[in-house]
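Note sheet for the following structure.
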Amino acid sequence: MGRTLAKISLVLLLIVALPMGFFLVREFSALTKNEQMVERVFSTQLESILYSINQYSENIVVQWSQSLDQPIAPEDELMQEIVDNLFQNNAAIRAVRFLDLKASQEEAVYFSDSVFSLNVWPEKAEVEQLQTYLDANYQRIKEAQWQDDLLLYFLPKNRSGEQLCQLVVDPRTFMEQNLGPMIQQVAQDLFYIAISDSLTGYVVYANEAEIGNSQSLKQAAMWYLPEYKLGIRLKSKTLDELASERSQRDNYTMMAMGLLVVLGFVFVLVNIRKEMKLAAIKAEFVANVSHEIRTPLALISMYAETLLLKRVKTEEKQVEYLTTIQQESVRLTDIVNRILNFSRIERNRIKYRFERVDLKQVIPEMIASFESHLSAAQVNCCFEASDDDAWVEADREALKTMMNNLLDNAIKYSDKAEKEVRVRVVKRAKQVWVEVQDNGIGISSKNQKHIFDQFYRVTEGDLAHRAKGSGLGLNLVKRMMKVHGGQVTVRSKLGEGSTFILKFPLKTEKDVQNSNR
Ligand code: ADP
């Protein structure tokens, strides 16, 4: 059996587990790739959000420069109006200054509220660079740090090369008032976007209060605020978490699939093992039964032949031979009935006819019908019953089969010179118990767990080994008791005897009335 099982396992492994394992490994590696791809896509998306914020800041700055780029003198009233308007709409702009590059002098300066000394002159090289851009028709706006402020400067197209315009901008106000609304809009409820000092990492502006963990932020330099960095991350989860959460779910599904395959594999093997064991037991059973049948058949044929040949002289002997023939045919019928009963019960073909019976009355009747066997085995059998009610609902035939089995075992598994069997009917709570006690060889507690299994026979001990049987009797009793809504149990000690107990549900008069209603 071991070798066959090993072969089956190998075949199963080859056709199911191996391809499945291969598939799972492939899927797992594909998942890792997917995870990386998802992360890349997320990352690009975040970068583009940061880019759009920078782009927006550029738009604002370009708008400012365009409004100041007019073909009018800086000190002109109209220019004053334009600058005033700019101050009104952009609290971040602290001052606007126009420089005449040719004359190397300040043409005009406007302050939004407080006046401060502003004396920055651009490097010659820088101006030349701006001029080169302008010649190529591109108005470049440059930025520089000036004290705590941001200094923006550009060459107005309308006064080509002659003038430089400077804007002093407060970076915090620029972030809050100019970029803030845009950041809020982009972030919605999904992202945490923060501007932090690129040196200290200190968060100076964020779309919402959250302890800035610059580690997990995706960061980018700010085009017009070189001292600061723009950072973004998903509000609830980090990018890694989100990507791995997705693939984790897939991982679990695959692991569950793998587990299922392993469990299925084990299940199939266990079942095959069980079936093979059963097949072996059945084969043994057939051999046993054949052996059991052969003995009575041989006896019957031998005695019948002797009688036919008229070799028996005395009438006494004739009676003896005929009695043996009769007894052996009863035994044969018994064996055949047991097998038939069993196969019928196996296929659920047994028909039960339940009726309310008084066990105190029917059990003694059944013992009486088994009397010939008892006396043949020289067994002293006694019956006891308490005064309590012992009404149950039972099928008489089944009851007889069960009692015969238990009594037969009580005789069979005893080697005492004075064999004793006690049958008791007692009421216990809402049950009626039929106890069959013998003083036989007893059953070890290890075997007690199995004796009700199909085909199970105790093989230890001389008598148990020698006694003929099929291992079906107690299993039949167990099945029948189940149909009766009860159960069968055993109490036994090796060498001291056994007590088998049939436990029936009590059926009182009241129960009958209730069920009739
Ligand atoms: P079998 O045909 O072998 O008697 P059973 O199902 O009736 O099959 O019993 C199963 C096993 O339980 C027996 O092989 C026997 O070893 C053990 N057994 C049953 N009844 C008794 C008993 N009264 N005393 C000791 N052993 C018993």
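Below is a table of values for the structure above.
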| item | result |
| --- | --- |
| Residue-by-residue Karplus 3J(HN,Hα) for region 377-382, coefficients 6.51, -1.76, 1.60, Hz, glycine and proline x | 8, 6, 9, 8, 10, 10 |
| Calculated on alpha-carbon atoms, Rg and Dmax of region 1-147 in Å | 33.6, 110 |
| Rule-of-thumb Rg ratio for the chain [Cα; 2.2 N^0.38 Å; N residues] | 2.18 |
| Centroid-to-centroid separation of region 262-302 and region 305-321 [C-alpha atoms, Å] | 39 |
| Per-peptide average of other Cβ atoms within 10 Å, ordering 64-72, 20-28 highest first | 64-72, 20-28 |
| MET37-ASN119 FRET efficiency (beta carbon distance; Förster radius 60 Å; 0.05 resolution) | 0.60 |
| Angstrom value of the Kirkwood radius, inverse mean 1/r, which spans all Cα pairs in region 311-413 | 16.2 |
| Relative contact order of the chain, pairs being alpha-carbon contacts under 8 Å that are 6 or more residues apart, as % | 10 |
| Gyration tensor (alpha-carbon) shape descriptor, region 474-517, a/c threshold 1.5 | oblate |
| Relative counts (whole %) of C-alpha pair distances in region 351-516, using bins that are 10 Å wide | 10, 40, 35, 12, 2, 0 |
| Integer Hz, Karplus 6.51/-1.76/1.60 couplings in order for region 337-344, x for Gly and Pro | 4, 4, 5, 4, 4, 4, 5, 5 |
| Length-normalised contact order for region 351-516 - Cα pairs under 8 Å, 6+ apart - percent | 24 |
| Highest average packing first - 438-446, 257-265, Cβ atoms within 10 Å | 438-446, 257-265 |
| Selected from VAL432, GLY473, ALA385, residue furthest toward positive end of dipole (region 351-516; charges at beta carbon) | GLY473 |
| Where labels lie 7 Å past Cα in the beta-carbon direction, separation of ASP389 and LYS468 in nm | 4.5 |
| Two-site label geometry, THR324 and MET276: point separation in nm, points 7 Å out along Cα→Cβ | 4.6 |
| Hz values of 3J(HN,Hα) by residue in region 177-191 - Karplus curve (6.51, -1.76, 1.60), Gly and Pro given as x | 8, 8, 8, x, x, 5, 4, 4, 5, 5, 5, 6, 9, 9, 10 |
| Mean Cα-pair separation over length for region 241-330, i.e. relative contact order, pairs under 8 Å, 6 or more apart, % | 25 |
| Dipole of the chain, positive direction: furthest Cα of GLN318, HIS291, VAL38, with charges on the beta-carbon | GLN318 |
| Highest-first arrangement of 53-60, 266-273, where packing means the average Cβ count within 10 Å | 53-60, 266-273 |
| Separation between Cα centres of region 440-480 and region 166-200, rounded to whole Å | 87 |
| ASP334-PHE23 pseudo-label distance in nm [points 7 Å out on the Cα-to-Cβ vector] | 5.8 |
| Amide hydrogen neighbours beyond the local backbone of VAL432, cut-off 5 Å, H modeled | PHE504, LEU506 |
| Long-range HN-HN contacts of ASP395 with modeled amide H, under 5 Å | GLU355 |
| P(r) tail fraction, region 241-330 - alpha-carbon pairs more than 15 Å apart, % | 76 |
| Mean-position separation - Cα centroids, region 51-114 and region 386-415, in angstrom | 113 |
| Placed amide H near VAL421: partners under 5 Å, 5+ positions off or other chain | ASN380, CYS381, CYS382 |
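Only the coordinates and a few stated rules stand behind these numbers; no lab work does. Remember, predicted model here, so these are calculated numbers, not experimental data. Virtual Cβ from ideal backbone geometry, glycine too; neighbours counted across all protein chains shown.
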